[in-house]
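Step one of this worksheet: look at the structure below.
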Amino acid sequence: MKENANPGVKWGIIAGIVMVLWYLAEWKMGTDYFFSYKLRLVSLVAWAVMALMAGLEARKQQHGYIGFKAAIKPIFTTYVISTLIVAIFTYLLYTVIDPSLVETSRTYLMKDTEWLLKAMKAPQEEIDKQLKDIKTGDNSITVTSTILDYLKNLIKFFVWTVVLALIVRRKAPQPR
C-alpha cells in the first residue's frame, strides 16, 4: 500500500472480514450466543480497536502527528467499509442462509424488551403494548431495511469515530 493511502480502506476490509467471521462463529454456536448483548458489546469494542488502528496508522504515515479532522477520515472509512461488508453478510444470513433467524430475533427482542421494561418499572399495559407491537410488526429483512440499517449504523459509528479521532489526534509541536 502506498505511503499516503488511506489506511481506513485496509482496516475496513480487515474489520469487515473479522466481524463477519465473529458473527458466523456466534451463529454456529447457537442463538443464545448470536443474540447475546454481552458478545455484541465485545464485538463493538473489537471493531473500535480496528478503527483505532486505522487512525494510528494514518498518524504514523504523518510522522506521528495528525489533526482531529485528518484522523476522522481513516477511522470513519474503516467503519463505512466494514459496516457495508457486515450489512451484506447479515442480509444474506437472514434471507438465504438461515431465514428462521427473522422469527428467532423477534423472540429475543420480545424477551429483552419485556425484561428491560420490567426493570424500568413500566406499567403492565405499556409492556403488553410494546410486546404486541413487536409481535405484529414487520420484522422482515429486505434490501431497503438493510440499507436503512446500514445508514443508521453509520450515524452511530460516526459518534465512535469522533471519540477515536480525539484519542488519535496529536498536534505537531509549533516552532518557537
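In straight Cα distance, which aspartates and glutamates are under 13 Å from Lys60, not counting same-chain residues fewer than 8 positions off?
Answer for Lys60, where 13 Å is the Cα cut-off: Glu3, listed by chain and number.
Divide the volume of the convex hull of the Cα atoms of the chain by its number of residues and quote the answer in cubic angstrom per residue.
Values: hull volume 24.2 nm³, N = 176.
Enclosed volume per residue, from the Cα hull, is 138 Å³.
Taking region 43-105 as the region of interest, what is the percent of Cα-Cα pairs per 10 angstrom bin, listed from the shortest bin to the one with the maximum distance?
P(r) for region 43-105, in whole percents per bin: 21, 35, 23, 13, 7, 0.
Based on the Kirkwood radius over alpha-carbon pairs, what is the Stokes-Einstein translational diffusion coefficient of region 86-176 at 37 °C with 0.692 mPa s viscosity, in µm²/s?
Numbers: Rh = 16.5 Å.
The calculation lands on 199 µm²/s.
Ranking request for peptides 62-74, 144-156: highest mean number of other beta-carbon atoms within 10 Å first, then the rest in descending order. Let's see the in-between values first.
Values: 62-74: 16.9, 144-156: 12.8.
Order by mean packing, descending: 62-74, 144-156.
Within 10 Å, count the other beta carbons around each residue, average over each peptide in 83-89, 133-139, and list them highest first. Let's see the in-between values first.
Numbers: 83-89: 18.1, 133-139: 11.1.
Most protected by this proxy first, the peptides run 83-89, 133-139.
Farthest toward the dipole's positive end in the chain, which of Phe158, Ile141, Ile127, given Cβ charges of +1 (Lys, Arg) and -1 (Asp, Glu) about the Cα centre?
Farthest along the dipole direction, towards plus: Phe158.
In the chain, which helices (entire DSSP H runs) extend 30 Å or more along their own long axis, judged by Cα positions, while averaging at least 0.5 on the Kyte-Doolittle scale? Show your work: numbers first, answer last.
Details: long enough: 7-29 (33 Å, 1.00); 37-61 (36 Å, 0.69); 68-92 (36 Å, 1.47); 143-168 (35 Å, 1.58).
Counting only whole DSSP H runs, the qualifying helices are 7-29, 37-61, 68-92, 143-168.
Excluding ligands, DNA and RNA, what is the solvent-accessible area per residue of region 132-176 at a probe of 1.4 Å, expressed in Å²? The partial results should precede the final answer.
On the way: 3580 Å² over 45 residues.
About 80 Å² of surface per residue is accessible.
Taking Lys171 as the anchor, which aspartates and glutamates have their alpha carbon closer than 19 Å to its alpha carbon, excluding any fewer than eight residues away along the same chain?
Straight-line reach from Lys171, under 19 Å: Glu57.
Enumerate lysine pairs in region 98-164 that are 8 or more residues apart or on different chains, then count those whose Cα atoms are under 27 Å apart.
Counting lysine pairs in region 98-164 gives 17.
Using a Cα-Cα cut-off of under 20 Å, which aspartates and glutamates could be cross-linked to Lys38, ignoring same-chain neighbours fewer than 8 residues away?
Counting by Cα, and skipping residues close in sequence, Lys38 has these aspartates and glutamates nearby: Glu26, Asp112, Glu114.
At 222 nm, what value in deg cm²/dmol follows for the chain if DSSP H runs of at least 4 each add -39500 (n - 2.57) and the sum is divided by all its residues, to the nearest 500? The partial results should precede the final answer.
Numbers: 7 runs with 135 residues, N = 176.
Helices in the chain give a 222 nm mean residue ellipticity of -26500 deg cm²/dmol.
When ligands, DNA and RNA are left out and all protein chains stay put, how many square angstrom of accessible area per residue does region 18-77 have with a 1.4 Å probe? Write down the numbers at each step before the final one.
Values: 3370 Å² over 60 residues.
For region 18-77, the solvent-accessible area averages 56 Å² per residue.
Report the normalised scattering of region 1-91 as log10 I(q)/I(0) at q = 0.14, 0.20, 0.24, 0.26 Å⁻¹, calculated by the Debye formula with identical scatterers on the alpha carbons.
-0.52, -0.87, -1.10, -1.22
To the nearest 20 debye, what charge dipole does the chain have about its Cα centre, counting +1 at the Cβ of each Lys and Arg and -1 at the Cβ of each Asp and Glu? Provide the component values of the computation, followed by the final result.
Details: 22 positive and 14 negative charges, 239 e Å.
Dipole size: approximately 1140 debye.
Expressed as a whole percentage, what fraction of the accessible surface of region 81-175 belongs to carbon and sulfur atoms when a 1.4 Å probe is rolled over the protein heavy atoms?
Working: 4200 of 6390 Å².
Summing carbon and sulfur atoms, their accessible area is 66 percent of the total for region 81-175.
The values are calculated or read from the model by the stated rules, or taken from the named source; none is laboratory data. Keep in mind the model is a prediction, meaning the values are calculated, not measured. Backbone-built Cβ (ideal geometry, glycine too); neighbour counts: all protein chains shown. Areas reflect the complete protein model, heavy atoms only, side chains present, ligands, DNA and RNA absent. Shrake-Rupley method; radii C 1.70, N 1.55, O 1.52, S 1.80 Å.
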